[in-house]
There are 2 protein chains.
Amino acid sequence: MKTTPWLDLNMDRVRRNIQRMADRARKAGVSFRPHFKTHCSSAVGKEFKLYGVRDIAVSSPAMGWYFARSGWTDITVAFVAHPSEIPELSELAGSCRLGVLVDSPEALKGVDSALPTGSRLWVEVDCGHGRTGVKWDDTLAIVELAKAVAGRRRLEFAGLLTHAGQSYSARGSEEVLRVSEESLRRMTEVASIFDAQGLESPRISVGDTPTCSVADRFPGAGEIRPGNFVFYDLMQMAIGSCDGGLLAVRVVCPVASIYPGRLVLHCGAVNLSKESLEWGGRTVYGAVAGLERWPEGPHLPGAPVTALSQEHAAVEDPEGILKGVKPGDFVAVFPVHACLTCWQFNEYRSGALRLEKMH
Amino acid sequence: MKTTPWLDLNMDRVRRNIQRMADRARKAGVSFRPHFKTHCSSAVGKEFKLYGVRDIAVSSPAMGWYFARSGWTDITVAFVAHPSEIPELSELAGSCRLGVLVDSPEALKGVDSALPTGSRLWVEVDCGHGRTGVKWDDTLAIVELAKAVAGRRRLEFAGLLTHAGQSYSARGSEEVLRVSEESLRRMTEVASIFDAQGLESPRISVGDTPTCSVADRFPGAGEIRPGNFVFYDLMQMAIGSCDGGLLAVRVVCPVASIYPGRLVLHCGAVNLSKESLEWGGRTVYGAVAGLERWPEGPHLPGAPVTALSQEHAAVEDPEGILKGVKPGDFVAVFPVHACLTCWQFNEYRSGALRLEKMH
């Protein structure tokens, strides 16, 4: 019975975004293993195959299982393995060539016996983000852990994997490039210790949408794993990863009422997520445009969502972008963080098509 | 296949919270029409019937339909009506006694002919929150709109309805009481104009968890519509609506890894929502405790979630609350905003029971 809001996908832009990133990877001479947590859709996933993509990353065994069922056979669960998910990892390993992350001897011990022969283990390295992984300057621990993995005859040491999430604090391509260079330098420094010890030089996997969108080269890396680029969003615009013309998803919802100085949409945090960004000294939860506005996409601040409760969004429109809009009319909200917004829905609409997704 | 995180519900506390609010309403001599958007569950809804509740509020026609199907027959859609939802409102009106909100002559015109005879229309008043409704000091517009509603023979003018959401900015019971008194004074001032014009005195419906939890009396009001109180959360603790011993839902999830100064949980914004609160100069996305900690519940700051991405939560533990916890162990995260967190799940667990919910 509930028909709105819905998630509107621009498939031309999705294809262009995939093609663009696949081209970047090819030109830079690195493998392309997109992270599928942003779209979580077998239908969107299928598009990647047209651009030669065979390997993917996901963020949980459940998500891996969802994509294994739709024919993906090489899957890295890009989330540090922990003992409570061993049954699921083990089941998943039965239906694809599995990659798993470890960050300590205990994590290795926890998953070791549960994984089938040939499973690949990455050592997760924290190259400055401060979230997960062994800190890049703790080279001894990294090398010892890699040796311990390599010592397991049944398993394969895949290399060193990092997520330079500190790129999300960067603003503008120069700052993003600095993050890219610094994080790659840290990773190659770690790799050089392997060389110095006469060990095989480890493969390096990096991946976050800002650095992968801005840098042309990834010296030292063998693989990139960006995810968000498939849709992009306002946060990526604010960082400088893209312009509004690349944004490929938006939430369509009705205007509920119009008051002096604001419009109120029947669309809330349960649809958009509560993710926000600071823009011009204000907190922004989305940018609103008329339904015809795909061509250029939104600009910032445009008509920002400035207050968001469970089911209400309040929108200011200093530029008159929504002039003439009445209660009951539909408008489009471009999300701050596409990954979180898309998670709120169980399908995409693209023209007359409905595309299934995990939820 | 995905088994975690899950939403753990303490039914004893749910019952105590319902009983407590039902008692407050009875003592204050007002009707009790709980808002069901917080739990969105027919199973939790059923508990309210044991405390004499017959009338409910919801925030969309779809939510109304969900509860109508489980036997609720008196439902206010506490969201200003707009033309795009007329088919759904009209369908819902066929299966319950419906209450609808209007905030302008256009909104009235939009829904008027779609509603069956006997439907009740509330005029929504903005008593200071600044979100929706006719501003309380625009008394002429309020009275004219009420007259226009009353002039429709087929429909019933139900009264004036407001949500004093400004109570969420209050900290401590004195500030909450001030919001309660001010908003009720504004509403009764509007009502006095009806009296002065020789019109029937309108019924007043108010409702937000902070004022309903703190105030003992609601002078002038005929009905209260709180929702969040059924579970409460960290935000209500910060406001002063409750203590940790009343918190009735928490998210159970595994510890993924432990680093110096932080634990990382496999639990992210897709589970908790990105809602945050400021506490002691920090941004907090949840409070973590061991699974045995229902008795007192959490305190603030406790072991706060201080960083939250799509699937990772970073937790600091200055007080050693989580001492001895290892990767793979399960912990409980008390949410900042229960309404948004619960929306992320499609069931509750309560002991061995699984309780169905809308999603």
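Derivation of every value follows stated rules applied to the coordinates shown; laboratory data play no part. Just so it is clear, the model here is predicted, and its values are computed rather than measured. Using ideal geometry, Cβ is built from the backbone for each residue, glycine included, and neighbour counts are taken over all protein chains shown.
Observations on the structure shown:
- Options B:GLY281, B:PHE231, B:PHE218, ranked by Cα towards positive dipole end of the range B:194-304, top entry (Cβ charges): B:GLY281
- For A:LYS326, the aspartates and glutamates whose Cα falls under 15 Å of its own Cα, not counting residues fewer than eight places away in the same chain, are A:GLU316, A:ASP317, B:GLU85, B:ASP103, B:GLU106.
- Beta bridge orientation in chain B: antiparallel %, DSSP, nearest 5: 55
- For the range B:50-109, the spread of Cα positions along the three principal axes, ordered from largest to smallest, is 40, 19, 15 Å.
- Based on the reciprocal of the average 1/r between different C-alpha atoms, the Kirkwood radius for chain A equals 21.3 Å.
- Helix-only [θ]222 nm of the protein assembly as shown, DSSP H runs n ≥ 4, -39500 (n - 2.57) each, per residue, nearest 500: -9000 deg cm²/dmol
- Shortest-first distances to equivalent copies, position A:GLU200, nm, label 7 Å out along Cβ: 8.5
- Normalised by the number of residues in the range A:244-356, the average gap of Cα pairs under 8 Å and 6 or more apart makes the relative contact order 34 percent.
- Once C-alpha pairs closer than 8 Å and six or more residues apart are averaged by separation and normalised to the residue number of chain A, the relative contact order reads 19 percent.
- About its Cα centre, chain B has a charge dipole of approximately 860 debye under the convention of +1 per Lys or Arg Cβ and -1 per Asp or Glu Cβ, with nothing else charged.
- Under 25 Å, Cα to Cα: Lys pairs in the range B:11-231, sequence gap 8 or more or different chains: 9
- Loop sites here are trypsin sites (Lys or Arg not before Pro) outside DSSP states H, G, I, E and B with no more than 15 other Cβ atoms within 10 Å. The longest part of chain A free of them is A:218-322.
- Mean per-residue shielding of peptide A:79-88 is 6, counting Cβ atoms of other chains within 10 Å of each Cβ.
- Projecting the Cα positions of A:HIS337, B:CYS96, B:LEU140 onto the charge dipole of the protein assembly as shown (unit charges on Cβ atoms of Lys, Arg, Asp and Glu, taken about the Cα centre) puts B:CYS96 furthest along the positive direction.
- Here the 3J(HN,Hα) profile of the range A:348-355, calculated from phi with Karplus coefficients 6.51, -1.76 and 1.60 at θ = phi - 60°, is 9, 10, 9, x, 7, 7, 10, 10 Hz, Gly and Pro shown as x.
- Minimum Cβ-to-axis distance in chain B for the rotation onto chain A, with residue, whole Å: B:LYS274, 2
- Built amide H within the under 5 Å cut-off of A:ALA307, gap 5+: A:ALA314
- Note on chain B: dipole from Cβ charges, positive end direction compared against B:GLY110, B:ALA352, B:ALA303; the farthest Cα belongs to B:ALA352.
- Cysteines in chain B lacking a second Cys C-beta under 4.7 Å: B:CYS40, B:CYS96, B:CYS127, B:CYS212, B:CYS242, B:CYS339, B:CYS342
- Close amide H pairs (under 5 Å, H built 1.01 Å from N) link A:HIS129 with A:GLY165, A:GLN166, residues at least 5 positions away or on another chain.
- In a simple Cβ point-charge model (Lys, Arg +1; Asp, Glu -1; nothing else charged), the range B:244-356 has a dipole of about 120 debye relative to its Cα centre.
- Taking every DSSP bridge with both residues inside the protein assembly as shown, close to 55 percent are antiparallel.
- Within straight-line cross-link reach of A:LYS357, aspartates and glutamates at Cα separation under 16 Å, skipping those fewer than 8 residues along the same chain: A:ASP8, A:GLU47, A:GLU347
- Placing a label point 7 Å from Cα along the Cα-to-Cβ axis, A:ARG185 is separated from the same position in the other copies by 6.3 nm, shortest listed first.
- Under 14 Å, Cβ to Cβ, from B:GLY151 - net charge with Lys/Arg +1 and Asp/Glu -1: +1
- Here the protein assembly as shown is assigned +1 on the Cβ of each Lys and Arg and -1 on the Cβ of each Asp and Glu. Its dipole about the Cα centre then comes out at about 1480 debye.
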